[in-house]
Amino acid sequence: MTIQPQTIAISRTDSLGDVVLTLPIAGLIKKKFPNCKIFFIGKKYTESLIRSSEFVDSFLDVDEILKEPNLLKIHQINTIIHIFPNIRLAKVAYQIGIKNRIGTSHRFFHWLYCNKLVNFSRKKSNLHESELNLKLLKPILGEINLSKSDLVPFYGLEHIVPQKEGNSIKKIIIFHPKSKGSARDWDLSNYIQLSQALDSEKYTIYITGTVAEKEILHATMPDFFQKIQAQDVMGKFDLKQFIDFIACADALVACSTGPLHIAAALGKAAIGIYPNLKPMHAGRWAPVGKNAIAISSKNDCKACELPQDCLCMKMISYQN
């Protein structure tokens with residue numbers, strides 16, 4: 001018998017890209033139970049993204065919950081789905097008596113703190129991350145036979161309307177060259193060559209990223225900003241502003257990183273560059289969207305196990 005949730009918490013307490021690929025869970029639950037109230041537990045810095053989904057009723061900061069567990073009681077949450085395993089949060093949900101506690105059976109602490117275990121392993125699976133997330137809905141929705149492309153309507157970001165300034169007919173392309181170390185980066189020379197190959201009469205290119213990432217670019221290639229034909233807006237936006245900026249763009253080029261997945265969810269031409277190495281490969285982390293594509297080397301690359309010498313990424317030129 002499946003669960004009949006009234007107030008449910010979806011927990012994904014890691015990075016932006018992971019959160020994006022989890023948002024369809026809220027949409028699918030809302031489709032089945034439109035009156036169910038959905039809370040999304042995440043890190044504070046992901047709040048603007050989570051609140052942007054029309055399928056999420058409220059955001060809860062995981063750090064605040066760990067400090068004050070009664071927050072979950074106050075909201076009368078009767079079901080929690082641990083999409084990303086978090087031992088401290090799993091223990092809190094158990095201790096305060098949440099009725100339905102769902103988690104993967106492949107985490108030992110879920111055997112202690114969850115009462116609805118789903119048997120699957122992310123590590124050994126060939127499925128995409130968004131498809132793996134669906135497995136944790138089994139106690140609520142039963143078996144789900146959807147592919148990652150079927151999930152596109154369930155992001156809940158369609159209401160974000162681009163607010164372009166001026167009357168320029170140029171297409172806006174975003175280059176997001178760094179990933180905070182969460183992925184293998186595409187060589188900076190390729191971004192330079194791609195910018196020079198694009199017709200400046202037709203395209204305006206912007207470089208995005210954090211202040212810290214900008215410092216890394218300066219250290220890695222001191223003349224990068226002199227060579228690339230693009231406007232530097234690194235460190236100019238908070239997350240909400242960045243989401244709105246991506247909504248105004250026509251395309252985004254990046255490695256496997258949060259902004260790439262945001263662009264895909266917004267229906268943009270999201271072009272992801274990936275190494276041919278599990279578990280970082282496109283099969284697991286490709287952007288999911290109606291205009292999203294993933295590019296990777298077709299050759300196996302043994303050296304990819306050495307982060308500083310990723311031949312797979314070096315084999316991908318801007319002409320791909």
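Which one of P5, W186, S317 has its Cα pushed farthest toward the positive end of the charge dipole of the chain, where Lys and Arg give +1 and Asp and Glu give -1 at the Cβ?
P5
Give me the net charge of I10's neighbourhood, meaning all other residues with Cβ under 15 Å from the Cβ of I10; Lys, Arg count +1, Asp, Glu -1.
+4
Rounded to the nearest 20 Debye, what is the dipole magnitude of segment 15-70 about its Cα centre when Lys and Arg each give +1 and Asp and Glu each give -1 at the C-beta?
Details: 8 positive and 8 negative charges, 58 e Å.
Rounded to the nearest 20 debye, it is 280 debye.
Compute the distance from the alpha-carbon center of segment 108-141 to that of segment 268-287, in whole Å.
With segment 108-141 and segment 268-287 each reduced to a Cα centre, they are spaced 22 Å.
With a point put 7 Å past each Cα toward its Cβ, work out how far A219 is from S200 in nm, to one decimal.
Between A219 and S200, the label points sit 3.1 nm apart.
Say we join alpha carbon atoms closer than 10 Å with springs in a Gaussian network model of the chain; which of S130, S15, S121 then has the biggest fluctuation?
S121
Compute the acute angle (0 to 90°) between the alpha-carbon long axis of helix 16-32 and the principal axis of greatest extent of the alpha-carbon atoms of the chain; round to the nearest 10°.
Orientation of helix 16-32: about 50 degrees from the principal axis.
Given a 1.4 angstrom probe, I'd like the percentage of the accessible area of the chain that is carbon and sulfur, rounded to a whole number.
C and S atoms contribute 50 percent here.
Roughly how many Å² is the accessible area per residue of segment 162-239, as a whole number, for a 1.4 Å probe?
Per residue, segment 162-239 has an accessible area of 58 Å².
Could you state the angle between the C-alpha long axis of helix 239-248 and the longest principal axis of the C-alpha atoms of the chain, as a value from 0 to 90 degrees rounded to the nearest 10?
60 degrees
Compute the accessible area per residue over segment 92-145, keeping the other protein chains in place, probe 1.4 Å, unit Å².
The answer is 54 Å² per residue.
Pulled fully out, how much extra length does the chain show between A212 and K240, if you take 0.36 nm times their separation in residues and subtract their Cα-Cα distance?
Fully extending the segment from A212 to K240 adds 8.2 nm.
Run the lone-cysteine check on the chain: no other Cys C-beta under 4.7 Å from the residue's C-beta.
C36, C114, C248, C255, C310
For the pair I96 and Q319, what calculated FRET efficiency results from E = 1/(1 + (r/R0)^6), where r is the Cβ-Cβ distance and R0 = 41 Å, to the nearest 0.05?
Taking R0 as 41 Å, the efficiency between Q319 and I96 is 0.15.
Evaluate the distance, in nm, between pseudo-label points positioned 7 Å from the Cα of I169 and of E64 along their respective Cα→Cβ axes.
4.8 nm
Which of the trypsin sites (Lys or Arg not before Pro) found in segment 33-133 are in a DSSP loop and have at most 11 neighbouring Cβ atoms, other than their own, within 10 Å?
Passing both the DSSP loop test and the Cβ count: K123, K124.
Just list whichever of K178/K290; K99/K138; K171/K290 have alpha carbons separated by over 20 Å in the model shown.
Too far apart for the 20 Å limit: K178/K290.
Normalising by the residue count of the chain, find the relative contact order in percent from Cα pairs under 8 Å and 6+ residues apart.
Once divided by the residue count of the chain, the mean separation gives 16 percent.
Between beta-carbons, use under 13 Å as the cut-off and find the net charge around L217, counting Lys and Arg +1, Asp and Glu -1.
Working: positive: K178, K180, K214, K227; negative: D185, D187, E213, E215, D223, D232.
Once positives and negatives cancel, what remains is -2.
Given only helices, namely DSSP H runs of n ≥ 4 each adding -39500 (n - 2.57), what is the per-residue ellipticity at 222 nm of the chain, to the nearest 500 deg cm²/dmol?
Helices in the chain give a 222 nm mean residue ellipticity of -9000 deg cm²/dmol.
The values are calculated or read from the model by the stated rules, or taken from the named source; none is laboratory data. Note that the structure is predicted; figures quoted are calculated from it, not measured. Please note: Cβ atoms are built from the backbone with ideal geometry, for glycine as well, and neighbour counts cover all protein chains shown. Protein only, heavy atoms only, side chains kept; ligands, DNA and RNA dropped before computing areas. Shrake-Rupley method; radii C 1.70, N 1.55, O 1.52, S 1.80 Å.
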